[in-house]
Amino acid sequence: MVRIYFLTLYLLLGSVLFHAQNTPPCSDFNDPSNPYGNWGPAPAPNGNVGVGIGSPNALDGSPYLILRDKSGSSWYQNTKDYQYLGKQFLGQCIYFDFYLENDSNYGMPYHPYIVLSDGTNSASFVANITVTPGSGWVRIKAPIQLSSGGVLPSNSDGAWTMNPVNASVFDNIIMNSQILAVSPDITTTQEEVMYFDNFCVKPCEGCNECNSNFKLQTTTSTSGNYTIGQIFLESTNSPGLYKVDWGDGTISDVMTSHSYPSSGNYTVCVTQFEGDKPKCKTCISICIPKPAEGGDGKNSVTVKSPLNEIRDIARAETGSPIQADYTLVPNPAKNYVDVITNLSESGPVAVKITDSSGKVVINSSQTVSNGRQSTRIATEKLIQGIYIVEIKAENKTTSRKLLISK
């Protein structure tokens, strides 16, 4: 009887520990006896940051965290509450509130961001929304999702990014997260002041709604020898929830282009899944044209193979590290995209954007100051599709994939 008693007690305690471990973390800085909780400066020399507590947060009327930049790096982090997020809360979101009080004469709209790390590598979730000093509180949610087809997850609020992009490393960060960190540092001066609040993991509002509507873009060679199709979801759900049936026996994820070598009528269907079960489905019928008469390819326009595009991106994003850190925000973009640079010294930055056929659609060049800077490129005239952004600076060239979504 004694043994049975202790066995039962052990199992009960194990159950309690398991459920406690899976309670979603939430840092609201409301505890008057310990408002900072498990948050604190990063180890020297990266944690030179001023901290304080203010109130009220206009979004919920509660206290909030105040961060002030100091010389050097100014990172503030939590190494206990946000561990193994992917293993416990995959499919949910990290919410956080943000307010910009002083940007230290940055002079440009600022994109709030958070950083998640597995202790070795890190990825940033950069918000689409921009703020300026005194523009008000914003609430942002970052998806706790794995990469899909080599593409890092995004939602209507922003996108995950890392440099260089490595899907397997990113997935490890999500599954084995150890550190959640933020920083008030923007410029080389030390006047920045930011407010943060409510770092909470919870279900994504409006996430995973049943919406399989999509747009289909096709590009046919002049000779008509092949047609390439691309899918663009009308939902902000994770692309990993969807599969495409191209109507010729091929099934793929929505981020993969498809080549039709033969003419004919095809029915393309996109299905949203919940687990292994279909949730909703939308289909479109298309007609692939016959090859042009006498088409020998001599007068055809060369269409860049999507495989070559993926290869080029892989070379750019998984090659050796470069001095400058280039980020495209927002991505997907609509009317504009900001090219975020971090040059070691001032110099020219050339930006070239090409479409899926290899045609250059935008060429831009200007001198950019050192440090974190933003160069805005107008994209309102670009049609929906996938583009390659080539950036040349400091005697180095790198490429990034840009999705235009109308």
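Between Rg and the Kirkwood Rh of region 62-155, both from Cα atoms, what is the Rg to Rh ratio?
The Rg/Rh ratio comes out at 0.97.
So what's Rg/Rh here for region 51-210, counting alpha carbon atoms and using the Kirkwood radius for Rh?
Computed over Cα atoms, the ratio is 0.96.
Could the peptides 269-275, 73-79 be put in order, highest first, of the mean number of other beta-carbon atoms found within 10 Å of their residues?
Values: 269-275: 16.0, 73-79: 20.6.
Per-residue mean Cβ counts within 10 Å order the peptides as 73-79, 269-275.
Around Glu192, with a cut-off of 10 angstrom between Cβ atoms, what is the net charge of the other residues, counting Lys and Arg +1 and Asp and Glu -1?
-3
Between Cys283 and Ala44, what is the spin-label point distance in nm, taking each point 7 Å from the Cα along the Cα→C-beta axis?
Taking the simple label geometry, Cys283 and Ala44 are separated by 6.8 nm.
Packing-wise, with mean Cβ within 10 Å as the measure, how do 44-56, 177-189, 252-264 rank, highest first?
On the way: 44-56: 14.3, 177-189: 20.2, 252-264: 16.3.
The most tightly packed comes first, giving 177-189, 252-264, 44-56.
Quick check: net charge around Asp60, other residues with Cβ under 10 Å of its Cβ, Lys/Arg +1 and Asp/Glu -1?
-2
On a 29 Å Cα-Cα criterion, which of the cross-link pairs Lys141/Lys215; Lys359/Lys396; Lys80/Lys202; Lys87/Lys396; Lys87/Lys243 come out too long?
Values: Lys141/Lys215 26 Å; Lys359/Lys396 22 Å; Lys80/Lys202 17 Å; Lys87/Lys396 38 Å; Lys87/Lys243 23 Å.
Checking Cα-Cα distances, Lys87/Lys396 exceed 29 Å.
How far apart, in nanometres, would the label points at Asp276 and Asn172 be if each is projected 7 angstrom from Cα along the Cα-to-Cβ direction?
It is 2.9 nm.
Report the gain in length on full extension from Ser73 to Asn363: 0.36 nm times residue separation, minus Cα-Cα distance, nm rounded to one decimal.
100.9 nm
Taking a spot 7 Å from the Cα of Glu101 along the direction of its beta carbon, which residues of region 174-197 have an amide N less than 16 Å from it?
183-186, 190-197
Which log10 I(q)/I(0) values, to two decimals, does region 18-112 give at q = 0.19 Å⁻¹ under the Debye formula with one point per Cα?
For the requested q values the scattering log ratios are -1.15.
Between Leu216 and Lys87, what is the label-to-label distance in nm when each label sits 7 Å out along the Cα-to-Cβ direction?
The answer from the label model is 4.3 nm.
Kindly write out, for region 32-41 in residue order, the coupling ³J(HN,Hα) from the Karplus curve 6.51 cos²θ - 1.76 cosθ + 1.60 (θ = phi - 60°), rounded to whole Hz, with x marking Gly and Pro.
Each residue of region 32-41 in turn: x, 7, 8, x, 7, x, 9, 8, x, x Hz.
Give the distance, in whole Å, between the Cα centre of region 148-164 and the Cα centre of region 81-133.
13 Å
May I ask for the net charge around Ile173, where only other residues with Cβ less than 15 Å from the Cβ of Ile173 are counted and Lys, Arg are +1 while Asp, Glu are -1?
That works out to -1.
Since every read-out is calculated from the coordinates, none of them should be taken as a lab result. Note that the structure is a prediction, hence the values are computed from the model and not measured. Note: ideal-geometry Cβ built from the backbone for every residue, glycine included; neighbour counts use all protein chains shown.
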